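These notes concern the structure reproduced below.
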Amino acid sequence: TGQLVVGWSNDLYDFADDQRHGRMNKPLVSGLISKEYLRKWLIFMVPFSFIANLLGPLGFKGGLLYWLGIGCGVAYNFYFKFNMFSPLPFAVAFAALPSCIAISKSVNPPIWMWLGGAILGCAAHFVNVIKDMDQDRESAIKGLPQRIGKRASIAVAAALVLIAVVIIF
């Protein structure tokens, strides 16, 4: 449910930009759903997801940590994708995800789990923006990958994956 919050808030926030770039694979742009419909579901989903995660299988502590990751996703949508600190929410969210599961089982997550998740999250960010990088630049989205370009982003992502593999294994 948290991923719905991140994705739906992104779709609402990026609607005009997605429309400008003709991203017809987006339900709002294609007209499959309306902004009002999505907004109503988002208003429902935020508190529902928060409560469900606190009372769900992750438990209170694991659910809170999971919601830190969701908060990072929303913060990226509204703020971080526009500046050079764009990898930060990915690092925190990807570190939190496996760790919230460990915490739900009363296991103290090892440092390699936090660090490996954070590094893989950064790598995922660099890879994820490559396909839309040119359009992002036109739209003044100036995250770190957009600033360094496609080739450098691929190189950074590859290096980060290698580092993460060394740390994890």
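The values are calculated or read from the model by the stated rules, or taken from the named source; none is laboratory data. Because the structure is predicted, anything quoted here is derived from the model rather than measured. Note that we place each Cβ from the backbone using ideal geometry, even for glycine, and neighbour counts take in every protein chain shown. The protein model used for the area step is the full one, side chains on, heavy atoms only, and it has no ligands, DNA or RNA in it. Shrake-Rupley method; radii C 1.70, N 1.55, O 1.52, S 1.80 Å.
Of the solvent-accessible surface of the chain, computed with a 1.4 Å probe and all protein chains present, 71% belongs to carbon and sulfur.
Relative protection proxy for 137-148, 112-123, from highest mean packing down: 112-123, 137-148 (other beta-carbon atoms within 10 angstrom). Under a 5 Å amide H cut-off, with hydrogens placed 1.01 Å from N, S86 pairs with L144 among residues at least 5 apart or on other chains. Cross-link reach is defined here as a Cα-Cα straight distance under 19 Å, omitting same-chain residues fewer than 8 places apart; for K35 the lysines meeting it are K26. What you get for the chain, charging only the Cβ of Lys and Arg (+1) and of Asp and Glu (-1), is a dipole of about 100 debye around the Cα centre.
For region 128-169 versus region 8-84, the inter-centroid distance based on Cα atoms is 22 Å. A 1.4 Å probe over all protein chains sorts V127, V6, V156 by accessible area into V127, V156, V6, starting with the largest. Rolling a 1.4 Å probe across the protein heavy atoms gives the chain an accessible surface of 56 Å² per residue.
The figure for Y76 is an accessible area of roughly 30 square angstrom, using a 1.4 Å probe on the protein chains alone.
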